[in-house]
Each structure stands twice: as C-alpha cells, then as structure tokens.
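Nothing in this text is a laboratory measurement; each read-out follows from the coordinates by a stated rule. As the structure is a computational prediction, the values presented were derived from the model and not from experiment. Neighbour counts run over all protein chains shown; Cβ positions are idealised from the backbone, glycine included.
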Amino acid sequence: MPEPIDPRTLAAWVDKLAIQELILTYSDAATRGDWATFATLWAPDAVWEVGAPIGSRVEGAEAIIEVASTNVDSEDFLVQMPHGSLVRLVDGDHATATTMIHALARKGDEHSVTNYGIYYDELVRIDGEWRFSRRLLQPVYSETEPLPGVVPVTRDELKRR
C-alpha cells in the first residue's frame, strides 16, 4: 500500500500549481487584451519592470494596468508564450518564479519584434490568492526585422472566444 502524502507536501504542490496558473493567465490576458483579468493578477503595490536595454519601471497595480493596456492595445497583435516556470516557495505567503518566454508583436509596418526573455517574479499571497508583487522581464534576445506573416483575426476577436 502506498505511503500517504504528507499534507504539507500536497499544499506546496497546490501552491506551485496556482502560481503556474497565475503566470499562464498573465500571458493569456496580455495576448488577448483581457485587461479585466490582467488587473486581478497584481498586488496593489506591485512593480513591473523591463530590464536592459529598455530599462522601464512601473509602480502600483493601477499604473501597471494602464501602461500595459495602452501599449499592448496599440499593437496589431501580441502573442506571448511562456515556456515552463520554476517556482520556489519562500514561506507560506511568498514565492519566487522564473519563466522563459517567447513573444511576437507587430504594429502595422512601423514596429515588429521577436523577443525571448526571462521573467523573474516575486509573488505574494493576498486573501488566499497568489499575486505578482514584482515582475521583471529581462530580454535575452530581440529581433526587430519585419514579421512577414498574416494576422487572420483581430485582437478584439480573440477577446470574444
């Protein structure tokens, strides 16, 4: 007969799964322009940063949502694909995570980018739910050659599905 699972081990795996879902929800909401969902992912005093060479920093959940929605909605499309997250529980209410990402974005003929990067996250549990308290995207490789592909649907059409 198998050994029973230690409740602390089970709770740790549930937390790690919840944090991975938070990370996936971020990419899904940003890709589809679902700013109502995006707004639920942040601690009120969160910080969102992009490392060198961009070097931006936004403080506070409301400011993060404003900047993200304004910048991303101006794109014809954005697709952000997370590729696995390593989650480390610090204590019962704090965790860190690293996630590799690949993103594509285009705005007409004036802007195209293919980006590979790493998110370095600090997370906090608020009212039983995991939230980002700090999210730093460090670009690792960026390419700005025009993306030649066709965009078969608008971002608004992605919101309705």
If we count other beta carbons within 10 Å of each Cβ, what is the order of 81, 1, fewest first? 1, 81
Could you tell me the center-to-center distance, by alpha carbons, between the range 40-96 and the range 107-161 in angstrom? 9 Å
Enumerate the residues in the range 88-103 having an amide nitrogen under 16 Å from the point lying 7 Å beyond the Cα of residue 118 toward its Cβ. 88, 96-102
Pick out which of 59, 145, 75 has the largest mean-square fluctuation in a Gaussian network model of the chain, springs linking Cα atoms closer than 10 Å. 145
Return the calculated 222 nm mean residue ellipticity for the chain, to the nearest 500 deg cm²/dmol, obtained by summing -39500 (n - 2.57) across DSSP H runs with n ≥ 4 and dividing by the residue count. -9500 deg cm²/dmol
When the dipole is taken about the Cα centre of the range 1-104, and only Lys, Arg (+1) and Asp, Glu (-1) are charged at their Cβ, what size is it in debye, to the nearest 20? 300 debye
